[in-house]
1. Cβ-Cβ under 8 Å, sequence separation 6+ or interchain: first residue in the stretch 1-22 and more than 28 Å from P52 (Cβ to Cβ), partner open to solvent by less than 40 Å² (accessible area, probe 1.4 Å) and at pLDDT 65 or above. Which pairs?
2. For the stretch 62-78, check the following and say yes or no: at least one residue is touching a Ser or Thr at 6+ places or on another chain (Cβ under 7 Å) and assigned to a helix (DSSP H, G or I).
3. For the stretch 64-88, which residues satisfy the criterion of being at pLDDT below 90 and of a type in the set (A, V, I, L, M)?
4. If I ask for residues that are open to solvent by 40 Å² or more (accessible area, probe 1.4 Å) and under 19 Å from L22 (Cα atoms), which ones from the stretch 65-76 would you list?
5. Going by the conditions given, is R91 open to solvent by 40 Å² or more (accessible area, probe 1.4 Å), at pLDDT 85 or above, assigned to a helix (DSSP H, G or I) and among the basic types (K, R)?
6. Could you list, in sequence order, all residues of the stretch 19-54 that are crowded, with 19+ Cβ neighbours inside 10 Å and not in a helix (DSSP H, G or I)?
7. Checking V59 against (1) surrounded by 15 or more Cβ atoms within 10 Å (Cβ to Cβ); (2) not in a helix (DSSP H, G or I), which single condition isn't satisfied?
8. Select from the stretch 49-98 the residues that are over 28 Å from P11 (Cα atoms) and either touching a Phe, Trp or Tyr at 6+ places or on another chain (Cβ under 6 Å) or in contact (Cβ under 8 Å) with a residue 12 or more places away in the chain (or both) and list them in ascending order.
Amino acid sequence: MSASDAAAHDPDWWAAVTTGALGGPLLVLLVGSGAGLLSAHPAVIAACLLLPVLVALPVWFLARTLRRRTLRRVLAGLACAVGLACPALARVVEGVLP
C-alpha cells in the first residue's frame, strides 16, 4: 500500500464505530441477563453499559483513513471484549459493595 492509498478516505469507517458503540453494550445485556446482572445495583448496571462505549469512544474521532482502520477495529474489538467481561466483573463488584 502506498502512502497515498493509506491517506485515502476509508469508505467503511462506520463499521468499527457501529460494532464498538452498539456491540459492546449489547453483549453486556445478552451476557448479563444470563449472569443475573439485571438484578445488580443500578450504578453497576450503568457502569457496565457505559464502559464499552467509553472504550470505543476514540473510534469516533480517529482519522477516517485506511491507515487508521486497524486501530479502529482493535478498539471496537476491545469494546466488545469489555462487554463480554463486564458481567463477570460486576458480580465481583457486587460482592464487595455493601
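The values are calculated or read from the model by the stated rules, or taken from the named source; none is laboratory data. These figures come from a predicted structure and were not determined experimentally. Please note: Cβ atoms are built from the backbone with ideal geometry, for glycine as well, and neighbour counts cover all protein chains shown. With ligands, DNA and RNA removed, areas are computed over all heavy atoms of the protein, side chains included. Shrake-Rupley method; radii C 1.70, N 1.55, O 1.52, S 1.80 Å.
1. Listed by first residue and then by second, the contacts come to A6/T65; A7/T65; A8/T65.
2. Scanning the stretch 62-78, I find at least one residue that is touching a Ser or Thr at 6+ places or on another chain (Cβ under 7 Å) and assigned to a helix (DSSP H, G or I), so the answer is yes.
3. Selection gives L66, A88.
4. Selection gives R69, T70, L71, R73, V74.
5. No: the conditions fail for R91.
6. Listed by number, the list holds a single entry, A40.
7. Result: V59 passes all but (2).
8. Hits for the stretch 49-98 are L49, L84, C86, P87, A88, L89, A90, R91, V93, E94, L97.
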